[in-house]
Amino acid sequence: MSGLEKIGKTDPRLGNEKLKRYIRDKVNHLLSVMGTKPLGREELDDNTLLELDPIGIIALSFEQILEHQKETNRRLTVAKDQLQAVFDTVGVCISIIDEDMRIVNCNEKQKELLVSVNTEVIGKHCYEIYCGKDSPSLDCPAVETLATGRPVFIREVKKKNRHFQIVTSPMKDAEGQVTGAIEVSMDVTEKKKVEELMRQAEKLTAIGLLAGGIAHELNNPLGNILGYATLLLKDGESALGAGQREKLEIIVEQAKKGSEIIRGLLDFSRQSVPAFQNILINDIIRKTVRTLQNRLACQGIKLDTALAEGLTVRADPRKIELVFLNLILNSIQAFEGMDRKGKAISVRAAREGDLIQVKIADNGPGIPEDILPNIFDPFFTTKPVGKGAGLGLSICSGVVREHKGSIHATSEPGEGTEFTVCLPAPAGVKGRNGKEDICSGSL
Amino acid sequence: MKKHTDAGKNIVLDIRGQICPACLMITLRELNSNKDKLKNEKARLVVKTDHRDATRTIPGAASAMGYSVSVLQRDRYYEITLEYGK
């Protein structure tokens, strides 16, 4: 071999043919491992072969390869851990499925929202684990992505009582064949609730404006009808026949009913300015309960109270009383036509952080799930025609919002309904005694 | 074979006239003996070869050892630059 200038001396091992063959074979084997062709005798003569020590060179090179592999593995492990952390903490659900729709991997968010506790998911069908079905649905985006190799976006889909936006993207091999799909689901349940609340608020504002305008226009003529009918009843006490008197009384009664509806409309449209003051919520609750005492007794309904003392809110007492009156009346009316023993209403008041929370619950028939979202809509009623204007709960909702609070209902058909009113507690006010002992009672 | 270190800390190995796998052997020997210098001092090994096969075998082996490789075709020879990491 020319060019390897320093190798000039004759190696004493040169006569050992067996050793030279061994070295040449081993070198050629190692070179084949490194992906290169064997040494030819014309490239490296025996003397140079022994002097160059190719086995030693390749061994040291392999040591460097091993070091590099170790470092690469370490970096890959760090990168994998980082990627796993991102995978698990990202705020969306991610699932990787193979071409048979079996789950290859999924992140913690996916498990939290769409997988039952302690369920093994790897290798299971995604439709079985995430959708609770035996086969994929017709509009499944993953099916389409696996079939077409194209990404699919679904604006909204309901899974396990939550709403999701889903994007599925294909995974392809080097030949461009689809080998699986990545499904990214964003939970939009809360967003939908906020949108629904905003829609509701807009609707209420529009209806409130309309109702307030109509109420104003009707108030004066209705007042005149009521006034003149009352005058006629008084002035013509002797001249009126029994039939005429009865008809006038109907006019007065109906005009009064009309006035009540108008007052309700004005309250709903909040055209009466609230007179805010610091009040003890229990005083209002007790006053409301006293007002309804007879009615509760007549209908055989037991009312229990559990009121933490010293709960102060900044509110208009007349309007807040109207809220509790409407809610308890709603519960009382829920029992109408119900033949059962143990009719009960409970009123509980307590502080929850910065909020004063009042819960009014009954064990009545409950509200069907499909109409529960509509109960705070104005003019929505399930009562027979003439029995209610459908304004009670919408007035409650309007008043509570006016007080920067919230109201919501939960119901189990056949079990009962619970309304929760939350009002902000004024900062720094603890209550009359600075204590919040629970005071229970019943009617 | 000629070897020198240039002003920019590059180790220049001129193996024009050699053919593979001797080219690879000589390059590997330089990578081994200058390991610390190449890794810690950011020096580069520049191999000048006129054997086309060497532009395939040297980059393959050097990449597996963690070196980045660039091959330039000069007038009548190739210049293979090996740099650790990068």
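Points worth noting:
- For segment B:2-84, the equivalent ellipsoid built from the Cα gyration tensor has semi-axes of 18, 14, 11 Å, listed from largest to smallest.
- Segment A:338-412: trypsin sites (Lys or Arg not before Pro) in DSSP coil with no more than 11 other Cβ atoms inside 10 Å: A:ARG340, A:LYS341, A:LYS387, A:LYS404
- Antiparallel DSSP beta bridges within segment A:245-403, percent to nearest 5: 65 percent
- Simple point charges give the picture: +1 on the Cβ of Lys and Arg, -1 on the Cβ of Asp and Glu, and for the protein assembly as shown a dipole about the Cα centre of about 940 debye.
- Shape of segment A:288-328, Cα gyration tensor, a/c cut at 1.5: oblate
- Filtered trypsin sites (Lys or Arg not before Pro), segment A:70-151: DSSP coil and at most 14 other beta carbons within 10 Å: A:LYS133
- Bridge type composition, the protein assembly as shown - antiparallel percent by DSSP, nearest 5: 90 percent
- Distance from the C-alpha centroid of segment A:273-328 to that of segment A:114-173: 50 Å, rounded to the whole angstrom.
- Among the GluC sites (Glu not before Pro) within segment A:318-396, those in coil by DSSP and having at most 14 neighbouring Cβ atoms inside 10 Å are A:GLU336, A:GLU369.
- Other-chain or far-sequence residues with amide H under 5 Å of B:ARG44's (modelled H): B:ASN10, B:ILE11
- Ratio Rg/Rh [Cα only; Rh per Kirkwood] for segment A:65-110: 1.17
- Other residues within the sphere of radius under 15 Å centred on the Cβ of A:VAL78, judged by their own Cβ, net out at +2 (K and R +1, D and E -1).
- Over all projection directions, the Cα-based convex hull of the protein assembly as shown averages an area of 46.1 nm².
- GNM top mover of A:LEU218, A:LEU307, A:LEU60 - chain A, alpha-carbon springs below 10 Å: A:LEU60
- Under 5 Å from the amide H of A:ALA344 lie the amide H atoms of A:LYS302, A:ASN363, each residue being 5 or more positions distant or on a separate chain, with H modelled from the backbone and absent for Pro and chain starts.
- GNM top mover of A:HIS29, A:HIS216, A:HIS125 - chain A, alpha-carbon springs below 10 Å: A:HIS29
- When each full DSSP H helix of chain A is screened for a Cα extent of at least 20 Å along its own axis and an average Kyte-Doolittle hydropathy of at least 0.5, the helices passing are A:317-334.
- Averaged over A:52-64, number of beta-carbon atoms from partner chains that fall within 10 Å: 5
- Taking segment A:1-137 and dividing mean pair separation by its residue count, relative contact order in percent (alpha carbons under 8 Å, at least six apart): 14 percent
- Per-residue ³J(HN,Hα) for segment A:110-125, Karplus 6.51 cos²θ - 1.76 cosθ + 1.60, θ = phi - 60°, Hz, x for Gly and Pro: 4, 5, 4, 9, 10, 10, 5, 4, 6, 9, 7, 10, 4, x, 8, 6
- Taking a straight line from the alpha carbon of A:LYS158, these lysines sit under 18 Å away, with near neighbours fewer than eight places off in the same chain left out: A:LYS109, A:LYS111, A:LYS133, A:LYS191, A:LYS192, A:LYS193.
- Candidates A:ALA229, A:ALA211, A:ALA306, ranked by Gaussian network fluctuation over chain A, Cα under 10 Å, top entry: A:ALA229
- Database remark: amide H of A:ASP377 closer than 5 angstrom to no amide H (H placed geometrically; neighbours at sequence offset of 5 or more, or on other chains; Pro and chain starts carry no H).
- Bins of 5 Å, starting at 0 and running to the largest distance - Cα pair percent for segment A:18-83: 4, 15, 20, 18, 11, 9, 7, 6, 5, 3, 1
Throughout, read-outs are computed from the coordinates displayed, never taken from laboratory work. Nothing here was measured: the structure is a model prediction, and the numbers come from that model. Cβ coordinates were reconstructed from backbone atoms using ideal geometry, including for glycine residues, and neighbour counts include every protein chain displayed.
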